[in-house]
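Working notes, structure below.
The values are calculated or read from the model by the stated rules, or taken from the named source; none is laboratory data. The model shown is predicted, which means the values in this text are computed figures rather than measured ones. Glycine also receives a Cβ, built like all others from the backbone with ideal geometry; neighbour counts cover every protein chain displayed. Accessible surface areas use protein heavy atoms only, side chains included; no ligands, DNA or RNA. Shrake-Rupley method; radii C 1.70, N 1.55, O 1.52, S 1.80 Å.
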Amino acid sequence: MAEQKKGGHLKNLTNGLLKENPVLRLVLGTCPTMAVTTMAANGLGMGIAATVVLIGSNLVISLLRNFIPKQVRIPAYITVIAGFVTMVQLIVKAFAPDLDKALGIFLPLIVVNCIILGRAEMFASKHGPLDSVLDGLGMGVGFTVVLVIMGSIREIIGSGTWFGIALTADLITPMGIMKLAPGGFFLFGCLMALANVITTRKTGKPAVGKMDGCAGCAGCANKEICGEVEKKEEGENR
Amino acid sequence: MKQIFVILVSAILVDNFVLSKFLGCCPFLGVSKKMDSALGMSGAVIFVMALASAATWPIQHYLLEEMNLEYMNTLVFILVIAALVQLVEIILKRYIPSLHKALGIYLPLITTNCAVLGVTMLNVDNKYGFWESVVNGIGAGVGFMLALVLFAGVRRKLESCDVPKAFRGLPITLVAASLVSLSFMGFAGLAENMFK
C-alpha cells in the first residue's frame, strides 16, 4: 500500500532514517543510546525492542487519538507504552535471556524513553494509523542504526571484537575505556559533531548546534515545561 | 547500619547515576547551564526519588508479590510515580508555598525522568529492604545533585572556550561530560574496601 501512494506514506518512513534521525538530529533517548552500546549486539537488541514498542504504541495511540481527552493524554500515552514495554520485556526474558541480562533495567526503562513519548505526542496523536506505524518503523530503524554503529565502534575499540567475532583483539591491546561510561559520552559527542559537519556541508546550517528548550529534547513531551524553566532563567539574567 | 552506609556511598560516588549508569542524562544536559536551576532540579529529584522508593516498596512487596504480578511492575511503578509527583505538587502548593516556588516548575519534568523509575527498578532488582530502598533513593538523588552541580561549574568555564565549529553546543558538552565521568571512575572499589 505504501508504494502505491508514493511520496506521502513513504516519506513518513524515510524521515526517521536520516532527516529526522531521533538520536543524532532530534537528540532524543540519549540515556539508552550511551548505556547499552557497549557491544554491537546489545545495541541491535535494544534497537529492535524499542522499534517494536514504538510501532505498537504509535498504532494504538493513533487509533485512540480521538477518544483520549487532551488533559490526560500524557498519562494515557504512558499507560499504553508501558503495556507494550511489559509485553516486549516478557518476550525477551523468555526467548533471549542473555540479552535481558545485558540490557538490565534499560529494557523496562524504554517506558520513559523520550523517543517513544515524543513520537506519540508529535506524530501519532495527529496522524492516521498507517502513517503512524510507518513513522514508528522509520524512527525505530533510525534509532537502531545509530545504536548498532555506536555499539560497533565501542566494541571494536573497547574489546577488539564485532558481534562477538574477534577482529583486532590479538593484534592490538583493546582500549577498555571505550566500553566504560566516559567512552560512551565521548563517542556520542564525536558522532554528533560528525553529523554537524555533514549537515553543515549540505545545508550550510549546523544540525544540533544549539540546544533549544530541554536537553535538546526537541520533541520531548515536556518541552512546554522546559520552556518555562528556560524563561525563568532568562528572567533572572536580566 | 554498615550495609546502609555502603549503599549510600556507592549510590553517590561509585555508581553515580548520571556519570556511570547513564540514568537521567536529559536533565543532566538540559538543566546544568545555571547553578540555580541545577540546584532546584536536583532538590526536586532527591525529594521525589526518596518518596518514590518509599512508595513503591510496599506496593512491590504487599501487592504485586502477593498476587504474583511482579511482571507488571514497570506499568504500576510509572503510574505511581506520575500520581505521586502530582500529589506532591498539590500538597506543596497548599502547605509549603515557598518550597513549591523553588521546586514547582521542576516537578512535572521528573515524571518522565528515567532516573526515578530506574532507582525503583534497581531497588527491586537488588532486593533491598524498605530502609535500604529509601537510602538508595536519597543517595541516587544526592549523586545526581553532585553531578549536576559539578557539571554546571564545568559548563561555565566551557562558555568562554574557543571550540571548533562542529563541536559547538551539545557535542562539546558531551565530551566535557566524558571527562567528568572519567574523574568519577577514581571512586571505583571505594564502597567495598571502605570497611576492610
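Below, the figures for the structure above:
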{"item": "Yes/no for residue A:144 being open to solvent by less than 30 Å² (accessible area, probe 1.4 Å) and of a type outside the set (A, V, I, L, M, F, W, C)", "result": "yes"}
{"item": "Members of the stretch A:147-176 that are in a helix (DSSP H, G or I) and either modelled with pLDDT under 85 or touching a Cys at 6+ places or on another chain (Cβ under 8 Å) (or both)", "result": "A:159, A:176"}
{"item": "Residues that are of a type in the set (A, V, I, L, M, F, W, C) and within 14 Å of chain B (Cβ to nearest Cβ), drawn from the stretch A:33-59", "result": "A:34, A:35, A:36, A:46, A:49, A:50, A:53"}
{"item": "Among (1) crowded, with 22+ Cβ neighbours inside 10 Å; (2) at negative phi - the single one residue B:22 does not satisfy", "result": "(2)"}
{"item": "Matching helices (runs of 4 or more DSSP H) fully within the stretch B:1-66 where at least 1 residues are more than 12 Å from chain A (Cβ to nearest Cβ)", "result": "B:2-9, B:35-58"}
{"item": "Residues (within 14 Å of chain B (Cβ to nearest Cβ) and open to solvent by 10 Å² or more (accessible area, probe 1.4 Å)) located in the stretch A:120-141", "result": "A:121"}
{"item": "Candidate set: the stretch B:70-88, residues that are open to solvent by 50 Å² or more (accessible area, probe 1.4 Å) and not polar (S, T, N, Q); chosen: the one modelled with the lowest pLDDT", "result": "B:70"}
{"item": "Candidates B:179, B:190 - the one that is modelled with pLDDT of 90 or more and over 30 Å from residue A:111 (Cβ atoms)", "result": "B:179"}
{"item": "Residues being under 11 Å from residue B:50 (Cα atoms) and of a type outside the set (Phe, Trp, Tyr) - total across the stretch B:87-131", "result": "3"}
